[in-house]
4 protein chains.
Amino acid sequence: VSGGEVFAVVLDHTAPERWDAVLAVAEEVNGIRRPVVRGDAWAAISVGDGVREIPVERLRALDSVQRVVAVGTPYCLANRDVVGSWGFVTLGPGAQDGRAEDTIVGDGAPVVIAAAMQGGPAADRFPHLAAQLSEAGVAILHAGEFSGDESRDPSTVGRAGLERLREQAAEAGMALSVEVSDSNHIARVQDVVDVVQAGSRTMQDFSLLRALGASERPVLLKRGTGATVEEFLLAAEYVLMGGNGRVMLCESGIRTFDAADRPRFEINAIPLLKRATHLPVLADPSHTATSSAALPAVVRGAVAAGADGVVLSVGSRMPRYGPSATIDVAHLRHLRAGIDAVARAVGRRGHPHRPSSVA
Amino acid sequence: VSGGEVFAVVLDHTAPERWDAVLAVAEEVNGIRRPVVRGDAWAAISVGDGVREIPVERLRALDSVQRVVAVGTPYCLANRDVVGSWGFVTLGPGAQDGRAEDTIVGDGAPVVIAAAMQGGPAADRFPHLAAQLSEAGVAILHAGEFSGDESRDPSTVGRAGLERLREQAAEAGMALSVEVSDSNHIARVQDVVDVVQAGSRTMQDFSLLRALGASERPVLLKRGTGATVEEFLLAAEYVLMGGNGRVMLCESGIRTFDAADRPRFEINAIPLLKRATHLPVLADPSHTATSSAALPAVVRGAVAAGADGVVLSVGSRMPRYGPSATIDVAHLRHLRAGIDAVARAVGRRGHPHRPSSVA
Amino acid sequence: VSGGEVFAVVLDHTAPERWDAVLAVAEEVNGIRRPVVRGDAWAAISVGDGVREIPVERLRALDSVQRVVAVGTPYCLANRDVVGSWGFVTLGPGAQDGRAEDTIVGDGAPVVIAAAMQGGPAADRFPHLAAQLSEAGVAILHAGEFSGDESRDPSTVGRAGLERLREQAAEAGMALSVEVSDSNHIARVQDVVDVVQAGSRTMQDFSLLRALGASERPVLLKRGTGATVEEFLLAAEYVLMGGNGRVMLCESGIRTFDAADRPRFEINAIPLLKRATHLPVLADPSHTATSSAALPAVVRGAVAAGADGVVLSVGSRMPRYGPSATIDVAHLRHLRAGIDAVARAVGRRGHPHRPSSVA
Amino acid sequence: VSGGEVFAVVLDHTAPERWDAVLAVAEEVNGIRRPVVRGDAWAAISVGDGVREIPVERLRALDSVQRVVAVGTPYCLANRDVVGSWGFVTLGPGAQDGRAEDTIVGDGAPVVIAAAMQGGPAADRFPHLAAQLSEAGVAILHAGEFSGDESRDPSTVGRAGLERLREQAAEAGMALSVEVSDSNHIARVQDVVDVVQAGSRTMQDFSLLRALGASERPVLLKRGTGATVEEFLLAAEYVLMGGNGRVMLCESGIRTFDAADRPRFEINAIPLLKRATHLPVLADPSHTATSSAALPAVVRGAVAAGADGVVLSVGSRMPRYGPSATIDVAHLRHLRAGIDAVARAVGRRGHPHRPSSVA
């Protein structure tokens, strides 16, 4: 019996039918019923509250318990030691409808590209854009921010828009993601998208994090521009604690004293996060460079530093200076080649050719 | 006649004997004699003080004037338009003693590695280190900080130490650099080193910048941890104004609100600087990562973003946590391979094999 | 007819029965029904979306329209020009149950002291604390963070705890506030407290801001440690847009590169905010100083710079170093005297003596 | 015998003729001759280098040794325990020429006002300005930045200008200060000024700090906008180590992520410094506020937080937005009244009436 610590109890994720005994002990110790957190190839439950004694040996002896890990960090289930290595997250459309075209983000997988369409659902206005993006190597189509009332703000996307994008993304073999900034909206999007994203301003919106934890959709969590790396991990832990282990982190720049070119991409965060957690780490430097000309250098840097994927703002026209550096589809193909080359240089596969139609 | 601006008058650098007429007009306009600033394959003089009228056409008509550039930035001779492309700086030992082994830093040249020996002149204590470093691909041996009185501070290097390192570096085919923090010390080091470095704390030490501008040695100027990119360029301009055009910039991280892992490497600065200036840009992330394990990721990221070289702290032992992340010679070889691979992936040559003896 | 701007239409707040014509025009122009925002001695509605033409003269001609203000800032109703001077917010218990003991925060009123009880509802454990605080000049009792399930986290307060504090605060003549971090919890607290607070981490939790805008309770909005002054004002605007004009701002420190003593109190924000907005501005430096000994200096500085009130962490014991600098009741009396002296020195009244019982 | 520490040996400052024995022991232990550092009412020498054993009891037994203090901070002689309380620094003209009109800055003295003349030696152009400033309560006339060649930059002051200001300041009973940014210039100004100032950009210019330490003039050291409080104290220590104990610190704002109104005044630094050091602490918020209207609030805040003096930028015209917030003489009188009121409120004397002529 050890006391006063928090432990991650790692379970045999292939056999949930044998978890009952563990759940019973965990509830007894925690004084509350916590869910088993399920990732793509792992499952774990946190036991302990920093005060009570933990019957570590009794837990270890239980059938289906693989390891009991004393994490020693303020975050528990996000700790790399829970998985013991870097992990991955599987996205649809395959993940959703049983087809084979799953996109895998994380360890062992190629560097993925997510394309955020600047200024709302451009793919809706440009039906061929989805196919073009897919051909250019984009694996995740990001629909922008969900609006409860899309008629009000043309830069957001509503339910009807998401449904049309769902079709286009599926047709082109891409996963679909959407940003949600209101916890009540998750129920309105989760059946139609593959990833739900929390933006950098809402990284510490605890209602939203709770709702994401209760969802079954993979989550992309962006770091707040004023949040430390540790707070970023604690926000991820908050989602995990709700039971959803399929969380991807996205470093997207922090504010510094030098405002000359807006936030700065925080490249140190990539190795820091890869050392700290098993969760995949993506990079979105779009808001850290005022010019589309400077963006590729930072994107390549992020991939060289170990990012599992990059998020790019794509537009049919390329504003030289704007709220974020966007690139057009033609430049995207060129940047993809650069990303692939750097990915291979650091020992990763580039992303595979993806046919625009899956028929 | 145009008025109120500052112009860079670009001269035929191969024919200094024909500069007199330009110098006469420049002095007449400037009201003061400014030196021609000489780089490796360029020469220019700034004309104007933002107030007086400038006889642009008269200057253009002069023999030996190649271009008259209205720069439009607070810095003038550092502006990329002065050279019209990225430039380079040539270092010894070849540059110094007429041998062929010059090291070129900048455009068109391989990514160079400078090795800063942690805790003083380790190469002095370990005579084979210089040869090992050279074999591992190090082109510049950084002797550490010069001390007027080395007996007082064993972590600094004095004149005698520099002379011994000079021999070892020459033997191994490496250029030698030293950091100077007192303007009066430059005269005591410049005949024995190939590069004089100003550290990040002294980036705005104007006496030092003036003295570096009056020196004939190439200069490595590190960005202050609290300085903006524009201030960094203005500090370089201050050196240039003294006549010394062989300035290399070194991005080495800035302070942010997140102190978890000390300063952060400012990767955005690399494309920002490459767009703004012709001066070569190196990267030193040593002080931005607490662990030697995290360092390589940031180094590779800097190269992928376009750095012309990297500065690494090398020690025979590898402290896990310390004032800077150091690597040992064995890891250096491995990191060199990673740097070369990334450099090739972004279209640069890796650094060439360098024989440990040049005999 | 002016076009493309956003206007604040200031209404006669004493005659809501005459607002219908204005609301009709506003809805016609806005294309959506926006609420009239009601403050303590003002009412206004924003008209325009930056695109449509605004019939300014037609609005001006309407009965009950006092002024039509072209604000010229990204925030509209928070702009100081809407009220034309600094404003105030009236809190209960008087405001709530019709008694005379209203607390006024803002222009013309004494500097108020809010006491945040460190580590949960100390007043619940110490029944005499409320009376002592009131005697020491505290006008607002801050109950800490509301928990949906108080049994889980003893540092939070639940509905039952709030009800007991409600009695104690009323007895002692103090207003009661609580922090809410989940938008769904506002309905569970607003009938029992006088102020609902949004903490610094949730300053950009838009569901929460929307719910606060729909509430009738005065709101205390804390600046995020990574948020700019403009973002702070935009978050306040978001609450106002929901119809609730009784918003108080609380500057509580920002993160800087100097982590030696945690965040820094941002004293410049006080005159910046007082110039920008009519909303009252409080100061909470508790998290910006590690020691209780350093706290009074910053508190006095905030009052000298024009703060309308201060928030202090009060505990029965005084930890020297902890998550926030707390003071005990004895020191509170001393600090109150200092606050009063400085308040008078800058031309404000100190806070009045407040009897512990109002019977 | 204690070992491995650094001690401040506090001497009887009234009896330098009895210091020889202490100096002998100190040199024996330090292995180098360090000067006795002399302040206004204290003298001390640091003994130890963190490695050698220190004969503490032997030192304590020496005649003229008052105390041997184990400081426990990276800075030694700047540690508050050396003086045991807050100290003060006495400035001329009395200090210089034996007259009675010394200005005292620091503990027990009124809050002093230093007036920095914006855009060069305005007092030179406006002969009555010095008298007006003195009447308005200014105790220190700051001449601006010294230039080795004043003809080149009209915003700087040369030797001739300083001499004229010397007369005007003496006439008006004010001390005179000048900023020096080149260590070689100190010899050219120190006989004519009462204070030599190091600006925020040169806070870590070690040649300059060394030269200031060797000077007999009181020093005003400004905090760098990117320097931590600890680095600020270490820079002061560097001056002290040269023998000059009359150092005043000046907090003048730090850079933060919020660039809306340039640097932010760092009010927390005032109690932090007052707790850490005996050196007087001034405040210069001029560069932290874009508008003259916002400046007084921050000035009053600094005084309420404990500043021993304030530095103001004074101009005959008042630019609304510019490189620093300046005030004109008429507003200065009003601000002086506010400073005095706040100073009294926090238990300090205001600055005394100072006759414009001392005849």
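The values are calculated or read from the model by the stated rules, or taken from the named source; none is laboratory data. Source: prediction; values computed, not measured. Neighbour counts run over all protein chains shown; Cβ positions are idealised from the backbone, glycine included.
Can you tell me which of (1) in contact (Cβ under 8 Å) with a residue 40 or more places away in the chain; (2) more than 14 Å from chain C (Cβ to nearest Cβ) is the one B:ASN268 doesn't meet?
Single failed check for B:ASN268: (1).
Being in a helix (DSSP H, G or I) and under 21 Å from A:ALA160 (Cα atoms) is the filter here; which residues of region A:171-205 pass it?
Passing the criteria: A:GLU171, A:ALA172, A:SER183, A:ASN184, A:HIS185, A:ILE186, A:ALA187, A:ARG188, A:VAL189.
Is it the case that C:PRO323 is at pLDDT below 70 and not hydroxyl-bearing (Ser, Thr, Tyr)?
Considered against the rule, which asks whether it is at pLDDT below 70 and not hydroxyl-bearing (Ser, Thr, Tyr), C:PRO323 comes out as yes.
Out of C:ARG246, C:ARG262, I need the residue that is under 13 Å from the mean Cα position of the chain (by Cα) and among the basic types (Lys, Arg). Which one?
C:ARG246
Return the residues of region C:232-259 that are within 14 Å of chain B (Cβ to nearest Cβ), of a type in the set (A, V, I, L, M) and not in a strand (DSSP E or B); say none if nothing qualifies.
C:ALA259
Of the conditions (1) among the aliphatic types (A, V, I, L, M); (2) modelled with pLDDT of 90 or more; (3) assigned to a helix (DSSP H, G or I), A:ALA123 fails just one. Which one is it?
In the conditions (1) among the aliphatic types (A, V, I, L, M); (2) modelled with pLDDT of 90 or more; (3) assigned to a helix (DSSP H, G or I), A:ALA123 misses (2) alone.
Of all residues in region D:63-78, which are in a loop (DSSP other than H, G, I, E, B), surrounded by fewer than 18 Cβ atoms within 10 Å (Cβ to Cβ) and more than 25 Å from the chain's Cα centre (by Cα)?
D:ASP63
Do the conditions hold for B:PHE206, that is, is it within 11 Å of chain D (Cβ to nearest Cβ) and either surrounded by fewer than 21 Cβ atoms within 10 Å (Cβ to Cβ) or in contact (Cβ under 8 Å) with a residue 40 or more places away in the chain (or both)?
For B:PHE206, the condition - within 11 Å of chain D (Cβ to nearest Cβ) and either surrounded by fewer than 21 Cβ atoms within 10 Å (Cβ to Cβ) or in contact (Cβ under 8 Å) with a residue 40 or more places away in the chain (or both) - is met.
Can you find a residue that is part of a loop (DSSP other than H, G, I, E, B) and more than 16 Å from D:GLY243 (Cα to Cα) anywhere in region D:32-47?
No, region D:32-47 has no match at all.
Using beta carbons and a limit of 9 Å, which pairs, at least six apart or on different chains, have the first residue in region B:79-98 and in a strand (DSSP E or B) and crowded, with 18+ Cβ neighbours inside 10 Å and the second one charged (D, E, K, R) and modelled with pLDDT under 55?
Nothing qualifies.
Please pick out the residue among A:VAL311, A:VAL342, A:VAL358 that is at pLDDT below 85, farther than 30 Å from D:ARG264 by Cα and of a type in the set (A, V, I, L, M).
Within the list A:VAL311, A:VAL342, A:VAL358, the selection yields A:VAL358.
So, of the residues in region B:77-96 that are at pLDDT below 95 and touching a helix residue (DSSP H, G or I) at 6+ places or on another chain (Cβ under 8 Å), which turns out to be farthest from B:ALA276 (Cα to Cα)?
Looking at residues that are at pLDDT below 95 and touching a helix residue (DSSP H, G or I) at 6+ places or on another chain (Cβ under 8 Å), I get B:PRO93.
Quickly run through region B:278-306 and pick out the residues that are within 17 Å of B:SER200 (Cβ to Cβ) and either of a type outside the set (A, V, I, L, M) or more than 8 Å from chain A (Cβ to nearest Cβ) (or both).
Those that are within 17 Å of B:SER200 (Cβ to Cβ) and either of a type outside the set (A, V, I, L, M) or more than 8 Å from chain A (Cβ to nearest Cβ) (or both): B:LEU279, B:VAL281, B:LEU282, B:ALA283, B:ASP284, B:PRO285, B:SER286, B:HIS287, B:THR288.
Looking at A:LEU59, A:LEU23, can you tell me which residue is in contact (Cβ under 8 Å) with a residue 24 or more places away in the chain and not acidic (Asp, Glu)?
A:LEU59
Of everything in region D:180-197, what is buried (at least 24 other Cβ atoms within 10 Å of the Cβ) and more than 11 Å from chain B (Cβ to nearest Cβ)? Give them in sequence order.
Selection gives D:VAL193, D:ASP194, D:VAL195, D:VAL196, D:GLN197.
Which one of the conditions (1) touching a helix residue (DSSP H, G or I) at 6+ places or on another chain (Cβ under 9 Å); (2) modelled with pLDDT under 95 does C:ARG223 fail to meet, given that it meets all the rest?
Answer for C:ARG223: the failing condition is (2).
Is it the case, given these coordinates, that A:GLY161 is more than 13 Å from chain C (Cβ to nearest Cβ) and either free of Cβ contacts under 8 Å to residues at least 12 places away in the same chain or over 19 Å from the mean Cα position of the chain (by Cα) (or both)?
Taking the combined requirement at face value, the residue satisfies it.
Return the total of residues in region A:226-254 being surrounded by fewer than 24 Cβ atoms within 10 Å (Cβ to Cβ) and either free of Cβ contacts under 8 Å to residues at least 40 places away in the same chain or in contact with a Cys (Cβ under 6 Å, 6 or more places away or on another chain) (or both).
Summing the residues that are surrounded by fewer than 24 Cβ atoms within 10 Å (Cβ to Cβ) and either free of Cβ contacts under 8 Å to residues at least 40 places away in the same chain or in contact with a Cys (Cβ under 6 Å, 6 or more places away or on another chain) (or both) in region A:226-254 gives 3.
Picking from A:ARG217, A:ARG275, A:ARG262, which residue would you name as being part of a loop (DSSP other than H, G, I, E, B) and either within 11 Å of another protein chain (Cβ to nearest Cβ) or acidic (Asp, Glu) (or both)?
Unique residue meeting the criteria: A:ARG262.
Out of (1) in contact with a Lys or Arg (Cβ under 8 Å, 6 or more places away or on another chain); (2) assigned to a helix (DSSP H, G or I); (3) within 20 Å of B:HIS142 (Cα to Cα), the odd one out for B:LEU208 is which?
Of the numbered conditions (1) in contact with a Lys or Arg (Cβ under 8 Å, 6 or more places away or on another chain); (2) assigned to a helix (DSSP H, G or I); (3) within 20 Å of B:HIS142 (Cα to Cα), the odd one out for B:LEU208 is (1).
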